[in-house]
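Structure provided below as structure tokens; questions to follow.
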Amino acid sequence: MADCKKVTEKALLEAIGNTGPIFAPDSDGHWEKFQGSGLPRVGTVRPKRPLRDLFTPPAREIARWKKHLSQPQLEPNLPSTEHGIVWGVRPCDARALKWLDEIFLAPPHVDVHYKARRDNLLLLGLACEPNDTCNCGLFDYGPDDPTEVDLMLHPVDDGFLAVVGSEKGRQFLEGVADAADESAPALRDGPKPTWWTGFPEPAALMDAFEHKVWDELQAGCMNCGACTLYCPTCQCFTIVDEAYKNEVRRLRVIDTCQHEAFTRMAGGHNPRTKFSSRLRQRILHKFSYIPERYDDKIGCTGCGRCIELCALRRNVFADLNEIKRQISEEASCGT
Amino acid sequence: MNQALRDEVRKLFETEKVKSVLGYRQHPLTGEVTPVIIKSADEADQLIFDKRCVYNLSRAVLADMDGPVGVVLKGCDGRALNMRITENDFPREHVVGIAVACQGVVDTATDDLSERCQRCHMRMSPIADVTIGDESAVGKPTKTRAEFVDEIRAMNPKQRATFWKDTFAPCTHCYACRQACPLCNCKVCITDKNNPQWIETSPKPSSNMMWHLIRAFHHAGRCVDCGECERACPEGIKMHLLDLCIAEDVEEMFGFVTGVEDGAQWQFLLYDPNDPDSWLGGPERG
């Protein structure tokens, strides 16, 4: 079987209908179950919210129990067993899931909800038209990279060219009627900034923990947290109990290291009270701690949401360049 | 304008009137206009001021910075800084106001004059230790705040409740509006207090309303209409309209406009026997 087939929209829809409901970004860029008919119309580039929302939602109930009982009966929230299709997945978001697997699927603490979603949802990628905040080229992949999705679809005149990304995708494609073998379209290069000089060494970043550069960068950050809350690879959460009339619900809610309360401990001590220390945490976590601990992985896929949503027009890659420049200048002065 | 700004800043460093300056620069790599903090006269050449300088830099002044801190100020920024001084965030001597003649800034999405600037009646900062540019050229507002508020005032309470509920519905409780606001200066924000948990963490109609109403009430008589909350919101919620409604009420009832004079008092610390509210002994409001 070839790795690329041409499929018609009608046949694709039929095959999807046999699998389950479609999840896709809505017009506001939020991932929702698609209610319309036909295939969802999505934009040309990644939606506002990251794909992780479908796998580890911003707020998810863990359990609930009735109030005012001497022996509260815990009702856990069980993982969804629903099978379905995710439509309009971009390569940056799919790569981010690959990273989240390291967190949520690593034994012994496997997140059952996340695992169920991963097992039951088929990722149908859609070749992307990068905008000027996209940076997939920095990570050596492009806007139509099929490796982390199940199928990568390229829209053509009367249907799609479907490039196989995984065994699951191959099986799905076998179920699509009238699919004809085609030669796979050439992979495009992803965009990257012209001024890019490469990532700083993770160890060098760690050494720069006390560097003055963090204080210099702080003026351009107000710790609003949009960069992390909309990041496809960020996964920090907090656990809260919320009281309702007759019951209490325990929720797992998204959280961000950019807010002061994130590190505030019982008793009031807070190791990260400075703006610059929180900004540093974001950069070091993604570009130093993760590569050091997880075998040269990077906690970033270059999706560019943090650049697009930043109210202060900050660019994390420009920051990395600046940090790298300052570190290397000092290294050469020191010798 | 840029040259005059750079010359003045250099002078401030040379005469040791400032230890650092908060301003705007065009980022050498990305070309975007971003805030910058400079520490010496040599760095003054990167400073700029034009219609892309949308951010309110009074937010970035911290009490523990090496002072005095020079701050490039538009009208709204200066008013906010003024309120922060009034509220004892830091002493007046901690800042040196570099007031720039602002002709309004753009909405970064459309490149048109932003909504807040169309109704801005004070484009020069009240805190002006140094003034850059031609004060007479700043122009006049083309709209009034009332034009934005009247639509809400015309609604009956039920319609209003629905309007605000719908407005706040996309809120994800990221609190970017709080972080962007120069006057969200509580030591510990009410959202971060969890014993008791005043505002529940997960997004839903009740907690959305709770947060946005508290946020707006905390800004009664304080909001300077810089619109940063709305600009920072990743979901594009128009929460600033509520602040505008309250600002209109405060001006109408108490004749108070926030932060317009250097050294202005905070309205809520004043006692006035002619207060329009009857419970303070004043005449009943009609």
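None of the figures in this text is laboratory data; all of them are computed from the coordinates on show. These figures come from a predicted structure and were not determined experimentally. With ideal geometry, Cβ positions are generated from the backbone for all residues, glycine too; neighbour counts draw on all protein chains shown.
B:V95's amide H: which non-local residues (gap 5+, or another chain) put their own amide H closer than 5 Å, with H modeled 1.01 Å from N in plane and none for Pro or chain starts?
When sequence neighbours closer than 5 places are left aside, the close amide H contacts are B:V69.
Could you give the distance between the Cα centres of segment B:47-92 and segment A:102-135, to the whole Å?
Rounded to whole Å, the Cα centres lie 42 Å apart.
Now a separate question. Enumerate the calculated ³J(HN,Hα) couplings along segment B:18-32 in order (Karplus 6.51 cos²θ - 1.76 cosθ + 1.60, θ = phi - 60°), each rounded to whole Hz, writing x wherever the residue is Gly or Pro.
Ordered by residue, 3J(HN,Hα) equals 9, 9, 8, 9, 9, x, 10, 9, 8, 4, x, 9, 8, x, 7 Hz.
Can you tell me what percent of all Cα-Cα pairs in the protein assembly as shown are more than 42 Å apart? Provide the component values of the computation, followed by the final result.
Working: 59941 of 192510 pairs.
Summing the P(r) of the protein assembly as shown above 42 Å gives 31 percent of all pairs.
With each label point set 7 Å from Cα along the Cα-Cβ vector, what nm distance links B:R160 and B:K187?
Result for the modelled spin labels: 3.4 nm.
Compute the relative contact order of chain B as a whole-number percentage, counting only Cα pairs closer than 8 Å that sit 6 or more residues apart in sequence. Before the final figure, lay out each step's value.
Values: 471 pairs, mean separation 46.4, N = 286.
Across chain B, relative contact order equals 16 percent.
Something else about it: Please arrange A:T194, A:T56 by how many other C-beta atoms lie within 10 Å of their C-beta, fewest to most. List each step's numbers first, then the result.
Values: A:T194 6, A:T56 20.
The most exposed by this proxy come first: A:T194, A:T56.
What does the helix-only formula give at 222 nm for chain B: each DSSP H stretch with n ≥ 4 adding -39500 (n - 2.57), the total divided by the residues, and the result rounded to the nearest 500 deg cm²/dmol?
After summing the helix terms and dividing by residue count, I get -9000 deg cm²/dmol.
GluC sites (Glu not before Pro), restricted to segment B:13-71: which are DSSP loop and have at most 12 other Cβ atoms within 10 Å? The partial results should precede the final answer.
Values: sites: B:E14, B:E16, B:E32, B:E43; in loops: B:E16, B:E32.
Hits after loop and neighbour filter: B:E16.
How big is the antiparallel share of DSSP beta bridges in segment B:2-137, given as a percent to the nearest 5? Please report the intermediate quantities before stating the final value.
Working: 9 of 20 bridges.
Just about 45 percent of them are antiparallel.
Given chain B, what percent of its DSSP beta bridges are antiparallel, to the nearest 5?
Working: 10 of 21 bridges.
Taking every DSSP beta bridge with both residues in chain B, the antiparallel ones total about 50 percent.
About its Cα centre, what dipole magnitude does segment A:180-233 give when the only charges are +1 on Lys and Arg Cβ and -1 on Asp and Glu Cβ, stated in debye to the nearest 20? Working shown, then result.
On the way: 3 positive and 8 negative charges, 35 e Å.
Computed about the Cα centre, the dipole is about 160 debye.
If I take R0 = 25 Å and measure r between the Cβ atoms of A:D157 and A:T19 in this structure, what FRET efficiency does the formula 1/(1 + (r/R0)^6) give, to the nearest 0.05? Before the final figure, lay out each step's value.
On the way: r = 25 Å, r/R0 = 1.00.
E(calc), rounded to 0.05, equals 0.50.
Would you calculate the volume per residue, in Å³, of the smallest convex hull containing every Cα atom of segment B:145-255?
On the way: hull volume 12.4 nm³, N = 111.
Considering the Cα atoms of segment B:145-255, their hull volume per residue is 112 Å³.
Could you give me the ³J(HN,Hα) list for segment A:300-305, computed from phi with Karplus coefficients 6.51, -1.76, 1.60 and θ = phi - 60°, whole Hz, x at Gly and Pro?
7, 10, x, 5, x, 4
Determine the relative contact order of chain A: mean sequence separation of Cα pairs under 8 Å and six or more apart, normalised by residue count, in whole percent.
Numbers: 586 pairs, mean separation 71.1, N = 335.
Relative contact order comes out at 21 percent.
Let me know the Kirkwood hydrodynamic radius for segment B:2-137, please, with Cα pairs as the basis and the value in Å to one decimal.
Numbers: mean 1/r = 0.0670 Å⁻¹.
Every distinct Cα pair counted, the radius reaches 14.9 Å.
Further, regarding this structure: If R₀ is 35 angstrom, what is the calculated FRET efficiency for the pair B:D50 and B:M253, using the beta carbon separation as r and rounding to 0.05?
Values: r = 38 Å, r/R0 = 1.08.
Once the sixth-power term is evaluated, E becomes 0.40.
Continuing with the same structure: What is the gain in length, in nm to one decimal, between A:S166 and A:E75 on full extension, counting 0.36 nm per residue of separation less the C-alpha to C-alpha distance?
Working: separation 91, 0.36 × 91 = 32.76 nm, distance 3.65 nm.
Taking A:S166 through A:E75 to full extension adds about 29.1 nm, to one decimal.
What do you get for trypsin sites (Lys or Arg not before Pro) in segment B:162-208 restricted to DSSP loop and a cutoff of at most 16 other Cβ within 10 Å of the site's Cβ? It would help to have the intermediate numbers written out before the result.
Values: sites: B:K165, B:R178, B:K187, B:K193; in loops: B:K187, B:K193.
Those that pass, being in a loop and sparsely packed, are B:K187, B:K193.
Stokes-Einstein diffusion coefficient for segment A:166-268 at 20 °C in a medium of 1.002 mPa s, Rh from the Kirkwood formula over Cα pairs: what value in µm²/s?
This corresponds to a translational diffusion coefficient of 106 µm²/s.
I would also like to ask the following. Please work out the ratio of the alpha-carbon Rg of chain A to 2.2 N^0.38 Å and round it to two decimals. It would help to have the intermediate numbers written out before the result.
Details: Rg = 22.0 Å, N = 335, 2.2 N^0.38 = 20.0 Å.
Against the empirical 2.2 N^0.38 Å value, I get 1.10 for chain A.
In this model, which of A:K66/B:K193; B:K143/B:K187; A:K33/B:K158 are farther than 27 Å apart at the alpha-carbon?
B:K143/B:K187; A:K33/B:K158
For the residue pair B:F217 and B:K143, what label-to-label distance in nm results when each label sits 7 Å from Cα along the Cα-to-beta-carbon direction?
2.9 nm
While we're here: What ranking of B:D112, A:D255, A:D26 emerges when the number of other C-beta atoms within 10 Å of each C-beta is taken as an exposure proxy, fewest first?
On the way: B:D112 11, A:D255 21, A:D26 17.
By the 10 Å Cβ count, ascending, the order reads B:D112, A:D26, A:D255.
Same structure again: Do the sum for chain A: with -39,500 (n - 2.57) for every DSSP H run of n ≥ 4, divided by all residues, what is the mean residue ellipticity at 222 nm, to the nearest 500 deg cm²/dmol? Intermediate values should be presented prior to the final figure.
Numbers: 11 runs with 95 residues, N = 335.
Result for chain A: -8000 deg cm²/dmol, rounded to the nearest 500.
Next question. 5 Å is the cut-off here: which amide hydrogens, built 1.01 Å from N in the peptide plane, fall below it relative to B:I132, excluding neighbours closer than 5 in sequence?
B:A99, B:V100, B:A101
Next up: Once the dipole of chain A is set up with Lys and Arg at +1 and Asp and Glu at -1 on Cβ about the Cα centre, which of A:F317, A:F172, A:N18 lies farthest towards its positive end?
A:F317
Follow-up question, since we're still on this one. Which percentage, to the nearest 5, of the DSSP beta bridges contained in the protein assembly as shown is antiparallel?
Details: 42 of 63 bridges.
That works out to approximately 65 percent antiparallel.
I would also like to ask the following. Counting only the backbone N, which residues of segment A:175-214 are under 13 Å from the spot 7 Å out from the Cα of A:E330 toward its beta-carbon?
Residues A:204-214 qualify, since their backbone N sits under 13 Å from the label point.
Could you check which residue among B:R119, B:R145, B:R160 shows the biggest mean-square fluctuation in a GNM of chain B with a 10 Å Cα cutoff?
Greatest mean-square fluctuation among the candidates belongs to B:R160.
R0 = 60 Å: FRET efficiency of A:D241 with B:E135, Cβ-based, nearest 0.05? List each step's numbers first, then the result.
On the way: r = 56 Å, r/R0 = 0.93.
Efficiency, rounded to the nearest 0.05: 0.60.
Then there's this: With each label point set 7 Å from Cα along the Cα-Cβ vector, what nm distance links B:S40 and A:A180?
It works out to 7.0 nm between the two label points.
Could you tell me what a quarter of the Cα convex hull surface of chain B works out to, in nm² with one decimal place? All intermediate terms of the calculation are to be shown ahead of the outcome.
Values: hull surface 68.1 nm².
The Cα convex hull of chain B, projected and averaged over all directions, gives 17.0 nm².
State the dimensionless ratio Rg/Rh of segment A:172-215 (Rg: radius of gyration of Cα atoms; Rh: Kirkwood radius). Mind dumping the intermediate values first?
Working: Rg = 22.7 Å, Rh = 16.1 Å.
Here Rg/Rh amounts to 1.41.
Tell me the relative contact order for segment A:202-334 as a rounded percent, counting alpha carbon contacts under 8 Å between residues six or more apart.
Here the relative contact order equals 30 percent.
Quick one: Cα centre-to-centre distance for segment B:128-152 and segment A:20-36, in angstrom?
Each part reduced to its Cα centre gives a spacing of 43 Å.
With θ set to phi - 60°, apply the Karplus curve 6.51 cos²θ - 1.76 cosθ + 1.60 along segment B:198-215 and write out the HN-Hα couplings as whole Hz, x wherever there is a Gly or Pro.
Calculated HN-Hα couplings, in order: 5, 10, 5, 6, 7, x, 6, x, 5, 6, 4, 5, 4, 5, 5, 6, 5, 4 Hz.
Taking amide H positions as placed in the peptide plane 1.01 Å from N, state which residues far from A:E32 in sequence (5 or more) or on other chains have amide H under 5 Å from it.
A:A24, A:D26
Per chain A: cysteines with no other Cys C-beta under 4.7 angstrom?
A:C4, A:C128, A:C134, A:C136, A:C221, A:C224, A:C236, A:C257, A:C300, A:C310, A:C333
Going by how many other Cβ atoms sit within 10 Å of their own, how do A:M222, B:M122 line up, fewest first?
Details: A:M222 28, B:M122 19.
With the sparsest Cβ surroundings first, the list reads B:M122, A:M222.
Rounded if a/c is under 1.5, else prolate if a/b beats b/c, else oblate: with a ≥ b ≥ c from the C-alpha gyration tensor eigenvalues square-rooted, which is segment A:202-334?
Working: a/c = 2.03, a/b = 1.87, b/c = 1.09.
Since a/c reaches 1.5 and a/b is larger than b/c, the shape of segment A:202-334 is classed as prolate.
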